[in-house]
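Participant: To start, I am sharing the structure in question, which I have written as C-alpha cells.
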Amino acid sequence: MNTLFALVAWCVLFVLCWPLALLVLVLYPLVWLLLLPFRLVGITFSALFAFLHAVLMLPARMLGGRPAVAG
C-alpha cells in the first residue's frame, strides 16, 4: 500500500512539476545509499541490546524465573 501511495504521489508531482519529479527520481537512490550505514548501525545496536538482555536475564531463567514475554 505504501508503494502504491508513493507511485501516485510521484505521478502527481510529475504532472505538477516534472523537473522536480525527475530530480526526486534521481536523488532517491543516492539518499538511500547515504542512509544505509545508519540503518546498519541501528540493526547492530538492536542485536547488541537483545544479546545483553539475554545474558543478563540468564541467571534468573536458570533459577526458575518466569520467561520474558516476547515483544
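Participant: Name the one entry in ALA70, ALA54 that is surrounded by 10 or more Cβ atoms within 10 Å (Cβ to Cβ), at pLDDT below 95 and of a type in the set (Gly, Ala, Ser).
Facilitator: Going through ALA70, ALA54 in turn, just one is surrounded by 10 or more Cβ atoms within 10 Å (Cβ to Cβ), at pLDDT below 95 and of a type in the set (Gly, Ala, Ser): ALA54.
Participant: Does LEU23 fit the bill of being surrounded by 10 or more Cβ atoms within 10 Å (Cβ to Cβ), in contact with a Leu (Cβ under 7 Å, 6 or more places away or on another chain) and in a helix (DSSP H, G or I)?
Facilitator: So LEU23 fails the test.
The values are calculated or read from the model by the stated rules, or taken from the named source; none is laboratory data. This is a predicted model, so every value here is computed, not measured. Glycine gets a Cβ as well: all are built from the backbone with ideal geometry, and neighbour counts include every protein chain shown.
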